[in-house]
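In what follows, a structure is listed as C-alpha cells, so that the remarks can point back to it.
The values are calculated or read from the model by the stated rules, or taken from the named source; none is laboratory data. Predicted, not measured: the structure shown is a model, and the values here were computed from it. Backbone-built Cβ (ideal geometry, glycine too); neighbour counts: all protein chains shown. Heads up: the accessible areas ignore ligands, DNA and RNA and are worked out on the full protein's heavy atoms, side chains in. Shrake-Rupley method; radii C 1.70, N 1.55, O 1.52, S 1.80 Å.
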Amino acid sequence: MTASLPSKLSELVDEKKYQKIVADMLAIAKQKGAEQTEVAAFFQQGLSINVRQQKVETLEFNRDKAVGITVYIDQRKGSVSTTDISQASIESAVQKAIDLAKYTEKDDCAGLAEKEDLAKHYPDLKLYHPWDVSIEECIERTKACEQSALSYDERISNSEGASFSSNQGYHIHANSDGFMGSYPTSRHSLSCVVIAKGNDNMVRDYDYTISRKAEGLEEASQIGRNAAKRTVDRMNARKIPTGKVAVIYDARMAQSLIGSFLSAISGGPLFRKTSFLLDSMGKQIFPSHINLEEKPHLLEALGSAPYDSNGVATRDKFFLKDGRVENYVLGAYSARKLKMKNTGNAGGVHNLHISTSDQDLASLCKEMGTGFLVTELMGQGVNMVTGDYSRGASGYWIENGEIQFPVHEVTVAANLKDVFKNIVKIGNDIERRGNILTGSMLIESMMVAGT
C-alpha cells in the first residue's frame, strides 16, 4: 500500500469553483431582498492515525466542505449553513436564510462590519505547507513515538496511544460590500499519552508537537520520551496541607490564565454585563511590567490570520500595556453594542505574546523558594461574573527552590483579579504550541487546599 494526501492546493480544491459559489449566493440573496449578506465557505481534508501498543487502531481520512450564509433585512438576521454545495442546495440555503430573518428581532447593531474596516489588501502569511507523506511513513512515525515512550522506563505499563494528524484546508469569505478573501492553511501534529504504574498508584501524562509545516514538528521519539518522563515524574504523588502559598503555573497552565483574562475582556460578556472586568478599559489589572501584544501577521504561526471572521483586517495591537487594559476583544457586533472601535477580533485573538523576564522555570523555582508548581489543571471552576477561581490541580512541591515530590488531589483557589495583580514574574520558557505564547508564571500567593 502506498498512498498520500494531495500536496498541492490545485489538487485539494477548485478555488474558482468556491469563488463562484459565494459570488452566486451573494447575487441570489440580493435578488431575494437581502440588504446585506456575507458568505463563508471552507473545504478541508486530512488524515489521522491512532496507534496503541504498536497496532494501528484507527486510520481515518476526512474530506469535508460547508458553506454558510448570513443575511440582514431591516436589521433582522438569518443564518443557514449546508454541506451540500449543489446549485439547488445553495439556492435553498439562501431562501431559508431570508425566511429565518423574518422571525428574528430587529437589532440596531446587526449588520456587516463597517466597509472602511474590511481587509482590502493582506499579506501571504505562509500558512499552507502541505506534507507529501505516505500513509506508511505516518504509521511508522506514530509507532516510533509510542515505542519511544513504552521503552523509556519499566514503570510505563500501558499506553493510551500515539496519534498523528495532517490537515489542510481552504477558506473563503465574502460579503455584499465587496469584500472577498481566501487563503489555504495546513496543520500537522503528533501526540502520545502513556500510563505508569507502581506502588499501588497509576498516573498518566502526555506530550505533543504541532506545526503549520512538517519541518516544524519535533522528533517523534522525543515526543514519546517527553510523555514518558512527564508520566514517571508524577508517580508517588502526595497531598499537601491546606494553606496560602506561592504558586508557579508552568507555561502550559499559564496559557489558561491568559485565556480567562481574554474571555473577561471579550465583547459578549462585556455588553451582557457578565464579566468581572466590566469597565476595565485603561485600568491597572496586571502589574506594570506586563504587556500583552497581538501579532496576527507572523509568518507560519499557528494563530495567524489576515482578517477576522467579519472580513475585518487584523492588525498588531496591545491588550495590555504596562499592566493596563489597552483594548477589548471586539468584533463588529460587540463593538457597536459597546459603542467602541472594532478591534478585528471577531472569532478570537491571534498570536498573543506576553512580556517575559530573562528567567527560566528553574530560576523561577529558585526565586519562589517554597511553594506549589502547577503542571495540570482539572475542572472548569471559573466564575466569569465574579472572577472567583477554584480548580483541581496537580504538580510538584518546591522547597529551597528545588522539586521535592509530586503533588496531586489539591485545589488552587483565588479571585482572578488578585491572581493577575499578584503575578511576580513570567519566565522565558515560552509555550509556543498555541495561540497564547507565554512562559511560566510566578504568583505571589494562592490558597491551595489539600489535606
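Looking across segment 67-92, the residues that are under 15 Å from Ala23 (Cα atoms) and assigned to a strand (DSSP E or B) come down to Val67, Gly68, Ile69, Thr70, Val71.
Is it the case that some residue within segment 390-410 is assigned to a helix (DSSP H, G or I) and within 21 Å of Thr242 (Cα to Cα)? Taking every residue of segment 390-410 in turn, none turns out to be assigned to a helix (DSSP H, G or I) and within 21 Å of Thr242 (Cα to Cα).
So is Ser334 over 30 Å from Ala362 (Cα atoms), out of contact with any strand residue (DSSP E or B) (no Cβ under 6 Å at 6 or more places or on another chain), in contact (Cβ under 8 Å) with a residue 24 or more places away in the chain and outside any loop (DSSP other than H, G, I, E, B) or not? In short, yes. Cβ-Cβ contacts under 6 Å between residues 6 or more apart (or on different chains), taken from a first residue in segment 252-263 that is among the basic types (Lys, Arg) to a second residue that is open to solvent by 10 Å² or more (accessible area, probe 1.4 Å), are listed as Arg252/Glu431.
Say we look at segment 375-392 and pick out the residues that are touching a residue at least 40 places away in the same chain (Cβ under 8 Å) and among the aliphatic types (A, V, I, L, M); which of these is most open to solvent (accessible area, probe 1.4 Å)? Ranking the candidates gives Val385 first. On the basis of being within 26 Å of the chain's Cα centre (by Cα) and among the small types (Gly, Ala, Ser), does Gly46 make the cut? It is true that Gly46 is within 26 Å of the chain's Cα centre (by Cα) and among the small types (Gly, Ala, Ser). I need the full set of residues from segment 53-69 which are over 27 Å from Glu160 (Cβ atoms) and surrounded by 15 or more Cβ atoms within 10 Å (Cβ to Cβ), in order please. Of everything in segment 53-69, those that are over 27 Å from Glu160 (Cβ atoms) and surrounded by 15 or more Cβ atoms within 10 Å (Cβ to Cβ) turn out to be Lys65, Val67, Gly68, Ile69. Every condition in (1) within 30 Å of Gly111 (Cα to Cα); (2) in contact (Cβ under 8 Å) with a residue 40 or more places away in the chain; (3) within 24 Å of the chain's Cα centre (by Cα) is met by Gly395 except one, and the failing one is (1). For segment 207-279, the helices (runs of 4 or more DSSP H) that sit wholly inside it and include 2 or more residues that are surrounded by 21 or more Cβ atoms within 10 Å (Cβ to Cβ) and out of contact with any strand residue (DSSP E or B) (no Cβ under 6 Å at 6 or more places or on another chain) are 251-264, 267-271. Within segment 93-122, being part of a loop (DSSP other than H, G, I, E, B) and open to solvent by 60 Å² or more (accessible area, probe 1.4 Å) holds for Lys102, Tyr103, Glu105, Lys106, Asp108, Glu114, Lys120, His121, Tyr122. If you go through segment 6-59 and pick out every residue that is without any contact (Cβ under 8 Å) to a residue 60 or more places away in the chain, farther than 13 Å from Val71 by Cβ and of a type in the set (S, T, N, Q), you end up with 2.
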